[in-house]
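Presented below is the structure to which this report refers.
The values are calculated or read from the model by the stated rules, or taken from the named source; none is laboratory data. What you see is a predicted model, and the numbers here were worked out from it, not measured in a lab. Don't worry about glycine lacking a Cβ; one is built from the backbone with ideal geometry, like all the others, and counts go over all protein chains shown. Only protein heavy atoms, including side chains, enter the accessible area calculation; ligands, DNA and RNA are left aside. Shrake-Rupley method; radii C 1.70, N 1.55, O 1.52, S 1.80 Å.
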Amino acid sequence: MSMKKFEGFKPETIDFLWELRMNNSKEWMEQNRDRYKEVLKEPFDAFAAELAELSPMFCGEKAKFSVSRINRDIRYSKDKSPYRPNRWVVLYDEKYRGTEWKEHPSFYFELMPEGYSHGLGMWCAKPSFLTAYRKKIESNPAAFQRLIKKFDKDPLFRLEGEEYKKIKNESLDPLAQKWYKKKDVLMVAGGELEEMIFSPDLPRYLAEEWARLKGMYAFLGDIEAE
């Protein structure tokens, strides 16, 4: 059976996420399992598949995608609530297997009861990758400066992520220095719920906005850790 076409998220989707946050238990989920599939799982899966079809616009080629599970892994967490009251999708280079994408740049979209977030990021980069990242910046500071300058006052995406306190390179411009010190390189946009979230045009809107990050995706994707 073919997947349904994405028609935009519904107010019922947001209602479900709010209620799950307030009633995060197996008993509640079992009572609402069919509702979960109808208002969250099926539309989000259709949304993710449509984004993947549009991925050449922002990745340069067809990307793989992974959608978060509703169940949380609570084995090593202080928070023992069994379900996630949010849902996300990541899109990444098809050469990565399993969870390898976590160590490399990927695009993401996350839907929460109170809003949404999306952009480009690296969440679990290894120290060897970050060392190679800094060496690449140092190898051609002028080219890197041109790449990041357009994001300095970008109206949509902002630079986020943890940074090293002791790592610095005084020869770099202050703007480049902000990027140079990052542990997590994240270009993030988002906000409260708005009309676009409920539109069938959401995947294309994201693909067109992410196309602006294509140069940074290529820069990060070309890095080879020793």
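One table, with the values for the structure above:
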{"item": "Those residues of segment 49-94 which are closer than 23 Å to residue 114 by Cα, over 15 Å from the mean Cα position of the chain (by Cα) and not in a loop (DSSP other than H, G, I, E, B), in sequence order", "result": "71, 83"}
{"item": "Subset of segment 3-56 [without any contact (Cβ under 8 Å) to a residue 40 or more places away in the chain, among the basic types (Lys, Arg) and within 24 Å of residue 108 (Cβ to Cβ)]", "result": "37, 41"}
{"item": "Residue match in segment 199-209 (condition: of a type in the set (A, V, I, L, M, F, W, C), under 22 Å from residue 50 (Cα atoms) and surrounded by fewer than 15 Cβ atoms within 10 Å (Cβ to Cβ))", "result": "no"}
{"item": "Residue in segment 90-98 that is within 20 Å of residue 23 (Cβ to Cβ), among the hydroxyl-bearing types (Ser, Thr, Tyr) and open to solvent by 20 Å² or more (accessible area, probe 1.4 Å) present", "result": "no"}
